[in-house]
There are 2 protein chains.
Amino acid sequence: MKLLITSGGTSEKIDQVRSITNHSTGKLGALIADSFLAQGDQVTLITTRNAIKPAAHPNLTIQIIENVQELFEMMKPLVKTHDVLIHSMAVSDYTPIYMTGFEQITTSQDLTEFLNKTNKQSKISSKDNYQVLFLKQTPKIISQVKKWNPNIRLIGFKLLVDVSKEELLTVARASLTKNQAEIIVANDLSDISDNQHHAYLVKINSVIKVDTKEEIAQQLVTHIHTKDNL
Amino acid sequence: MKLLITSGGTSEKIDQVRSITNHSTGKLGALIADSFLAQGDQVTLITTRNAIKPAAHPNLTIQIIENVQELFEMMKPLVKTHDVLIHSMAVSDYTPIYMTGFEQITTSQDLTEFLNKTNKQSKISSKDNYQVLFLKQTPKIISQVKKWNPNIRLIGFKLLVDVSKEELLTVARASLTKNQAEIIVANDLSDISDNQHHAYLVKINSVIKVDTKEEIAQQLVTHIHTKDNL
């Protein structure tokens with residue numbers, strides 16, 4: 001079976017020296033890749049320069065991306081040639097457009113002007129006590145996956161922070177339906193540490209609770225390799 | 001001799017899952033630390049989790065920080081107990097205050113209200129097509145160093161991007177005088193790659209041009225260990 005796995009977190013440049021980064025060690029994605037490789041599957045892993053990576057393996061191909069645009073362009077053709085997508089990467093929701101001093105925006109007659117500006121300096125400098133950064137939404141890649149390949153089996157992830165179990169499951173179920181995923185792995189950052197990783201594997205008619213990264217990987221292997229599991 | 005060296009780049013949290021990071025591998029700072037350790041000096045290295053670090057050494061102490069506030073609190077006492085500070089860390093100029101949807105700022109009567117707001121969510125969510133992030137200046141640590149310890153010997157760094165040699169040297173000389181440094185290592189990001197690192201060591205009456213990280217480290221060792229070199 002050919003699996004496409006994403007891991008790590010994307011970074012969106014503000015200028016040549018600063019980026020907004022979504023934190024993710026890549027540890028879980030690397031573990032999931034290892035678990036499928038151990039079953040004899042072929043794995044393409046899309047990840048970031050700083051992410052933790054699996055050891056080299058004859059059935060493993062690693063592709064490095066930095067930002068959402070690169071991820072989008074890398075995924076589009078690969079989604080069409082793989083059987084399963086496990087999309088564990090922390091993808092930036094917004095990307096910088098323009099940064100300026102606070103004074104400049106207080107004197108503007110129409111704030112929408114800043115949504116069409118671009119910084120000309122390679123390193124944005126400012127003497128202002130306050131700065132303002134305008135950002136725009138990035139394309140929602142997960143919602144494109146089934147359009148690119150209606151037959152791909154999709155496993156998505158949803159990370160929230162400090163929410164109730166009820167809210168976490170509600171948000172995960174909405175993503176499951178909207179993106180036509182088989183499972184959404186729902187987790188709360190407050191429940192993740194080096195030794196534990198509480199998560200819910202949310203399917204259309206069931207929820208499995210797990211407590212470690214190893215269990216998440218094992219449950220995904222079992223799910224993907226068991227027939228009639230929808 | 002006791003040296004305090006900083007390396008890597010600080011990260012300022014937007015929320016629990018996103019940060020603005022100043023890029024710096026920490027490679028140069030690690031090399032400088034190694035060069036002084038090889039001379040028998042004692043080194044305290046303040047760096048970041050992801051930065052490249054020197055190999056363990058009996059005369060080396062490593063302290064990890066993440067953001068400017070932590071760097072400030074870590075440096076203040078250490079500056080008082082060291083003979084030399086080599087401050088090569090890429091320190092964030094600005095830190096996030098508040099993030100909100102673009103619509104919210106267009107309806108505001110007084111934009112200064114956003115400079116006093118704080119996000120209550122641990123992961124800022126928004127359905128808006130555009131978001132706005134307000135930031136404030138961080139404390140300029142380098143300008144405090146001589147107040148904390150008038151006797152410490154200070155080596156500073158100035159990184160610009162895509163500027164003329166003339167502008168780079170002018171900015172470096174201004175920093176040399178303002179911060180009472182012995183040397184400002186002035187470099188342009190466009191002149192730095194894996195194998196080369198063009199830089200100017202700017203002193204009050206001279207400029208030394210170097211082409212690699214090894215040369216920068218060696219010049220700093222020579223300068224610090226040679227008497228009457230001011």
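The values are calculated or read from the model by the stated rules, or taken from the named source; none is laboratory data. What you see is a predicted model, and the numbers here were worked out from it, not measured in a lab. Positions of Cβ are backbone-derived with ideal geometry, glycine not excepted, and every protein chain shown enters the neighbour counts. Accessible surface areas use protein heavy atoms only, side chains included; no ligands, DNA or RNA. Shrake-Rupley method; radii C 1.70, N 1.55, O 1.52, S 1.80 Å.
In table form, for the structure just shown:
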{"read-out": "Verdict on B:ILE105 being open to solvent by less than 20 Å² (accessible area, probe 1.4 Å) and assigned to a helix (DSSP H, G or I)", "value": "yes"}
{"read-out": "Qualifying positions in the stretch B:89-102 - among the polar types (S, T, N, Q) and open to solvent by less than 20 Å² (accessible area, probe 1.4 Å)", "value": "B:SER92, B:THR100"}
{"read-out": "Filter result for the condition that a residue is at negative phi, free of Cβ contacts under 8 Å to residues at least 12 places away in the same chain and not aromatic (Phe, Trp, Tyr), over B:ASP188, B:ASP211, B:ASP194", "value": "B:ASP194"}
{"read-out": "Close pairs from the stretch B:89-103: first more than 8 Å from chain A (Cβ to nearest Cβ) and farther than 19 Å from B:LYS123 by Cα, partner part of a strand (DSSP E or B) and β-branched (Val, Ile, Thr), Cβ under 9 Å, at least 6 apart", "value": "B:MET89/B:ILE5; B:MET89/B:THR6; B:MET89/B:ILE46; B:MET89/B:THR47; B:VAL91/B:THR6"}
{"read-out": "B:ASN119 being touching a Phe, Trp or Tyr at 6+ places or on another chain (Cβ under 8 Å) and modelled with pLDDT under 95", "value": "yes"}
{"read-out": "Breaking point among (1) over 27 Å from B:VAL79 (Cβ atoms); (2) within 14 Å of another protein chain (Cβ to nearest Cβ); (3) not acidic (Asp, Glu), for B:LEU160", "value": "(1)"}
{"read-out": "Subset of the stretch B:111-121 (residues that are without any contact (Cβ under 8 Å) to a residue 24 or more places away in the chain and facing another protein chain (nearest Cβ under 9 Å))", "value": "B:LEU111, B:THR112, B:PHE114, B:LEU115"}
{"read-out": "Filter result (free of Cβ contacts under 8 Å to residues at least 24 places away in the same chain and not polar (S, T, N, Q)) within the stretch A:43-69", "value": "A:ARG49, A:ALA55, A:ALA56, A:HIS57, A:PRO58, A:ILE62, A:ILE64"}
